[in-house]
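Visitor: Provided herewith is a single structure, encoded as structure tokens, for subsequent inquiry.
The values are calculated or read from the model by the stated rules, or taken from the named source; none is laboratory data. All of these numbers come straight from a predicted model, not from anything done at the bench. Here the Cβ positions follow ideal geometry from the backbone for every residue, glycine too, while neighbour counts run over all protein chains shown. SASA here: full protein model, heavy atoms, side chains in, ligands and nucleic acids out. Shrake-Rupley method; radii C 1.70, N 1.55, O 1.52, S 1.80 Å.
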Amino acid sequence: MRLLALVSLVTLVGCDSEPDGPLPIDAQEDGVHGRIETQGGRDVLYLWGTREEMGYAEGALYCDRVPGLFKDYLLEHLVAEHSDYPYEVARAFVLAETRYEDADLAELTAMYQGMIDTCTPEQLTVESTFLDPREGGSRVLELEDLLFANAVADFGCSSFTVWGNASATGDTIHGRNFDWAIDPQGTFVQSHMLKVYDSTDEGARWASVSVPSLAGCLSCVTDEGVSLTMHNVSGLDPEYDVDISPRMYAARAALAATSGANDVVAAAEEVLEARRQYTGNNLHLAFPLARGAGIGGVVFEYDGGATHADGQVTVRRPGQDPDMVRTDAIVAANHYIVREAPETSGDSFDRLASLRADIDAFEASNGGVEVANGRGMLEAVENGYSGITAHSIVVDTANRQLQLFVAATSTSPAPESEPITYDLDVLFGGLP
């Protein structure tokens, strides 16, 4: 895991969609390219324009919510409870070995500028005994805090994609659990939202399940119905320890590259090969059959082992899983299957075994996995870390819908919650 590796030593293991109406927060009139609505009782943040315009808008609209999320989740939970180092040391280690692309850095810098232009220093002040005592346990949130937060993504997770005979619709259905350590206060899940981007710089529109100030991709889907979900892997021994690309931003860039691409897999792979990684990732890319030449998904097994025969990325395609040779489904968790010898036991192996068995069973019983089956499949998969399943999604490409499940508390897994169903055409139609 990234924080474990870089800090040496951290023990991280890691309804209907009709709008309820806009909140009285719309910065468009002030030249900020964003607005907040509530849909299904949860925030939907619309962002449009250049990277800097979108970053500034998010910072301006959510500046008063970031300090609490930083304090409860990142500072006092992830670092204080799971690291052997004080926060300031952990931050220094990670940022010394991280290199943000210029556009990524510009977006986060603009986000911070939007925060300090909109909120008072008191609103941006964090008080905690885990801050450097020389600061008196109190200081204003800094840009480096945002950079650190966006660079330490360590996530468990399990996912599946089915199509053809394995799918009751015939087209692609993609589901994923996002497993991670959640702070006891539940601030992380309470802050969950959907961000809808129209990025003129990246030439792409997508929706991201995220929290304020995290601008990369965890669980994302484009307006073309292409999904990308991120999973942690121990990975091969890295060949790089500097200029590491934050994995959430590598995932975002790969997804954006699929927009309008003739070959979505090749477009995403090219981006990933150019972005250095320290640890391992399974990036699960799912797409409508019309975009995939007869297949609905692949898994990028991706790490910093650049002298591997495949470079940094091994594309695992349907049929290459020795425990599921069918060519109309693919699954992912927290180990490699093609890039190195696959696991034959353990938690990650068991989660994939559950998904494989369900896919076969639903084909036999009702002609394939139905969208409604996704929830039960995800609920049956045990959490991949010592935390909880923070959110789950099911993407139905045939009907262009996204189901989002968010954990109600820090102790109740996301699939136990009732979903919000977003119509992708309505969702992206909300952009200017």
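Visitor: Treating only the Cβ atoms of Lys and Arg (+1) and Asp and Glu (-1) as charged, compute the dipole magnitude of the range 124-275 about its Cα centre; round to the nearest 20 debye.
Guide: Working: 8 positive and 23 negative charges, 106 e Å.
Computed about the Cα centre, the dipole is about 500 debye.
Visitor: Rounded to the nearest 0.05, what FRET efficiency do Ser412 and Ala309 have when you use their Cβ-Cβ distance and R0 = 51 Å? Let's see the in-between values first.
Guide: On the way: r = 44 Å, r/R0 = 0.86.
Using R0 = 51 Å, I get an efficiency of 0.70.
Visitor: Between Ala364 and Val89, 0.36 nm times their residue separation minus their Cα-Cα distance comes to what?
Guide: Here the segment from Ala364 to Val89 would lengthen by 93.6 nm.
Visitor: Fully extended, how many nm does the chain gain between Asp323 and Glu101 (0.36 nm per residue separation, minus their Cα-Cα distance)? Let's see the in-between values first.
Guide: Numbers: separation 222, 0.36 × 222 = 79.92 nm, distance 3.83 nm.
Going from the current span to full extension adds 76.1 nm.
Visitor: Something else about it: Report, to the nearest whole %, how much of the accessible area of the range 344-432 belongs to carbon and sulfur atoms, 1.4 Å probe, protein only.
Guide: 49 percent
Visitor: Quick check: pseudo-label points 7 Å beyond the Cα along Cα→Cβ at Ala290 and Ala353, how many nm apart are they?
Guide: Calculated label separation equals 4.0 nm.
Visitor: Which entry is the computed Rg and Dmax of the Cα atoms in Å for this structure: (i) 36.3, 159; (ii) 20.2, 64; (iii) 23.2, 74?
Guide: Checked against the structure: label (ii).
Visitor: Would you mind getting the accessible area per residue of the chain, heavy atoms of the protein chains only, 1.4 Å probe, in Å²? Before the final figure, lay out the partial values.
Guide: Working: 14920 Å² over 432 residues.
On a per-residue basis, the chain sits at 35 Å².
Visitor: On to the next question. Which of the peptides 225-238, 406-419 is most tightly packed, and how do the rest follow, going by the mean number of other Cβ atoms within 10 Å of each residue?
Guide: Numbers: 225-238: 23.2, 406-419: 18.4.
Taking the mean over residues of other Cβ atoms within 10 Å, the ranking is 225-238, 406-419.
Visitor: Determine, from the Cβ-Cβ distance of Gln113 and Val242 and an R0 of 30 Å, the FRET efficiency 1/(1 + (r/R0)^6), rounded to the nearest 0.05. Can you show the working numbers first?
Guide: Details: r = 27 Å, r/R0 = 0.91.
Once rounded, the FRET efficiency stands at 0.65.
Visitor: Something else: Kindly provide the helix-only [θ] at 222 nm of the chain, computed as the sum of -39,500 (n - 2.57) over DSSP H runs of four or more divided by all residues, to the nearest 500 deg cm²/dmol? Walk me through the numbers before you get to the answer.
Guide: On the way: 12 runs with 115 residues, N = 432.
Theoretical 222 nm ellipticity from helices: -7500 deg cm²/dmol.
Visitor: Measuring from a point 7 Å past the Cα of Ser234 along Cα-to-C-beta, which residues in the range 286-323 have an amide N at less than 17 Å?
Guide: From the range 286-323, the list is 302-305.
Visitor: Which order do peptides 146-153, 54-61, 215-222 fall in by mean Cβ count within 10 Å, highest first?
Guide: Details: 146-153: 23.1, 54-61: 27.5, 215-222: 25.8.
So the peptides 146-153, 54-61, 215-222, ranked by packing, come out 54-61, 215-222, 146-153.
Visitor: OK, next. Sticking with the crude label model, points 7 Å out along Cα→Cβ, report the distance from Asp423 to Glu270 in nm, one decimal please.
Guide: Those two pseudo-labels are separated by 3.6 nm.
Visitor: Suppose the chain between Asn262 and Thr129 were pulled fully straight at 0.36 nm per residue; how much longer would it get relative to their current alpha carbon spacing?
Guide: Values: separation 133, 0.36 × 133 = 47.88 nm, distance 5.28 nm.
Extra length from Asn262 to Thr129 when fully extended: 42.6 nm.
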